[in-house]
1. Amide H of GLY421 versus every other amide H placed in the peptide plane: which residues, excluding those fewer than 5 positions away on the same chain, fall under 5 Å?
2. Leaving out ligands, DNA and RNA, what percent of the accessible area of the stretch 670-721 is carbon and sulfur, probe 1.4 Å?
3. Dividing the Cα radius of gyration by the Kirkwood radius, what Rg/Rh value follows for the stretch 556-692?
4. Where nothing but the Cβ of Lys and Arg (+1) and of Asp and Glu (-1) is charged, how large is the charge dipole of the stretch 616-768 around its Cα centre, in debye to the nearest 20?
5. Of the listed values [x] -0.45, -0.82, -0.92; [y] -0.32, -0.75, -0.89; [z] -0.39, -0.82, -0.95, identify the label whose number matches log10 I(q)/I(0) by the Debye sum over Cα atoms at q = 0.05, 0.08, 0.09 Å⁻¹ calculated from this model.
6. Hey, what's the chain come to in accessible area per residue, 1.4 Å probe, Å²?
7. Working from Cα positions, state the angle (0 to 90°, nearest 10) between the long axis of helix 206-220 and the longest principal axis of the chain.
8. With a ≥ b ≥ c the root eigenvalues of the C-alpha gyration tensor of the stretch 322-373, is it rounded (a/c under 1.5), prolate (a/b larger than b/c) or oblate?
Amino acid sequence: MQYLEINDILTHNLKGFNLKIPLNTLVIITGPSGSGKSSLAINTIAEEGKNRFLQALNYSKEFLITSSYQAKFLTSIPPVISLTQGLKNWFPYKTAGDFFLISRFLETLFMEKGEYYCPKCNSYNRVSSINEVIKWFQELKNGTRFYFLLPLPEKSPKALEYLISQGYTKYLIDNKEVDLSEENLPLFFNKIFLVLDRMIKEDKETDRFIENLRLSLALNKGRVVLKLKSGEEHVFNLRPVCLNCGSNLCIIWKKCEACKGYGYKEKIPCKVCRGLKLDPVILKSKILGKTVEDWLNSSVEEFYNFLKKSEILKEHKVWTEVILSKLEKAIFLELNYLKLSTPVFKLSTGEKKLLELIQIFSSDLRNCLYILDEPSLGLDLGKKEKLIKLLKEIINKQSSVILIEHDPYLIKEADYIIELGPKGGEKGGYLIKACFKDEYFKNDDSLTLKYFKGKKNLCKFWQKKEEILDINCDNYNISILKKGFNIIYGKVGSGKALIFNTLVEELKKRKEKVVISETELFKKRNDWIITYLGIWDELRKIFIKTPLARMKGLTSKHFSFTSKEGVCPGCKGKGKKTYESNGIKIEFLCEDCLGKRLNSEVLNLEYKGFKISELLDFTVEEALSIFANILKIKEKLIHVNNLGLGYLKFSQEISELSGGEKVRLSLVKKLYSEKDFKYVFLEYPFQGLHLEDIKNFLNWMRILLEKDITFVILETNPLAILLADFIIEVENQKIKYTGFKEDWVKLLKDKPELKVFEFYKNFIKKEV
């Protein structure tokens, strides 16, 4: 067996351990939040893979090699494909068709095989290249007789007189050949064509055929009808003009001018293109017999079925194989219902995550290393099982997979397990265990194993409430348990997010105080925890009043991380300096402020015997005793500590935090932006949480539930379902079930999900 060997791993909080990771296996890295999982997988292994790739490509200045990680790689590393935690910040108007490359494919087919709509006469026209017409001639059987006909742009007697004067006297009028130099033009007729030539297919006649094409371009802009003796007609249009009325045709994949090609104005469908992004004339045009509008409104499954049967496969083999691979994965993951025109902002979290996975898994790559940070985000149980199958397919193609995961169901499926800990922050970063599954589960000598072996459990401490609140919305009647733990659950694409948002809006209409956790609040990656939570704003009000600060005449600007009065002159308030040479970029702490960003005059000020430079290095837990008498700061610190984040340092950058840490921090921030709230709404709060973190989270919830706060969470994690009091199950955009958890579990009898829920139930202690 091959191994990836790494020694002296010191990235971020990792404690310099050595590691030997088996390749061509499913490896899971687990451990509590902040234990260093992402530091190992993403910031060390994936970063090394990226650097080696750039070196192999003879990188340019545009892509600098970074050395922000610290580790010694003793073996070669396969090409790395990595997916970080959470969801990519995709352009909100990007569509499912864009993800599957279908939009570009349709555009190409439109240019090659489009039937272009003429808005003046409502007819459809093909536009062909000269080579296409010559190819048609060359493929005719020798001896085939045909008319070379030209539809006339002007059918008036005056226009015909001009053509006759130029020697063009023979015409086909209503299928009858007429020589207008000898006969008069009929008073009434339906169709008239100029007979440019009568031809017999012979190889020596190719030049004559090409000359006729050249004449057609001069006489009627290249509109040609080639009529066989049998009566069969082949219509060719060498220029974008309508065969019927001569109007110019639009043959470019033109964007809708009303919405500038976005499809939506403030996420409301454009009235002109109805959200399809293209000019209405293009939408009415046809590709292979169907309008562009119909193609864009077709589902993933409909397009897949068309592609499998179509002759287009032969003409665009490489392209269609890539598209088919993506669509097959989408159908396997039950996204067959998605319309090609569905934009990103209308997708659920689970649907977005599945599209991310499809982007990765649909490429037929071998001998690669896939590093995925919690790929199960937003996925229901059925999708998790399918995810495992996809991962094992990848391994069967001689590739390797490293997952950062906390879900016990996925952990038990691993071949090799790496556990970091024992806690987060400075108390984490240690290698607790690294071994194959059979050996890993022999003992209970780690935090994760204690939960697997029943030595530790999740437990609900609160009493069940009985007060049901019925909320009648425009399209839904929603019931929730007041002062209890409610969960909105459903499969990917079921519409649970719609119910969640509808409930929030209805409560707001009723003037209820609602808190919603949002990770989008992290706008500045270099924010410190102390600034993000607003603690620094409170502290500098205190620091300004200290005797030494008053004596020096310091103002609030001197305590700012952005103003020239306060920042360190050496690093301009960044805390770091960058060295760049020969395409290598190295970041290191500023030697003047040691990463504290402020100038020495401010950093040397003291509060309760501690310099500001020392206070910035305090953890939340340490700071609690120092600032116990400052209520606004104390309350925030207590919440952060109760959520299991007491190990975080004040001067820790937001960009270094895991997804689970960000979710909980954003929640604390939101709690203090609202006053006297009674409802807390959370989207996927179990994201990035180890079982121990979930335990801390539940304890924190208990404190608020005792204050009569109502929780409503959107989750697919089975543990969350089993821990909840009240369940709202959603299916096909409708509420399938509303009621207490115990009654819902009874409905699982004889269903395959019951066995899996029984597995998760082993991690939960009987309710008290």
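1. So GLY421 has HN proximity to GLY429, TYR430, ILE432.
2. Values: 600 of 1490 Å².
The computed percentage sits at 40.
3. Working: Rg = 17.7 Å, Rh = 17.2 Å.
Ratio of gyration radius to Kirkwood radius: 1.03.
4. On the way: 23 positive and 24 negative charges, 56 e Å.
So the magnitude is around 260 debye.
5. [z]
6. On the way: 36440 Å² over 768 residues.
It amounts to 47 Å² per residue over the chain.
7. The angle comes out at about 80 degrees.
8. Values: a/c = 2.51, a/b = 1.51, b/c = 1.66.
Oblate.
The values are calculated or read from the model by the stated rules, or taken from the named source; none is laboratory data. Quick caveat: nothing in here was measured; it's all calculated off a predicted structure. Please note: Cβ atoms are built from the backbone with ideal geometry, for glycine as well, and neighbour counts cover all protein chains shown. Quick note on the areas: whole protein, heavy atoms, side chains included, nothing else; ligands and nucleic acids left out. Shrake-Rupley method; radii C 1.70, N 1.55, O 1.52, S 1.80 Å.
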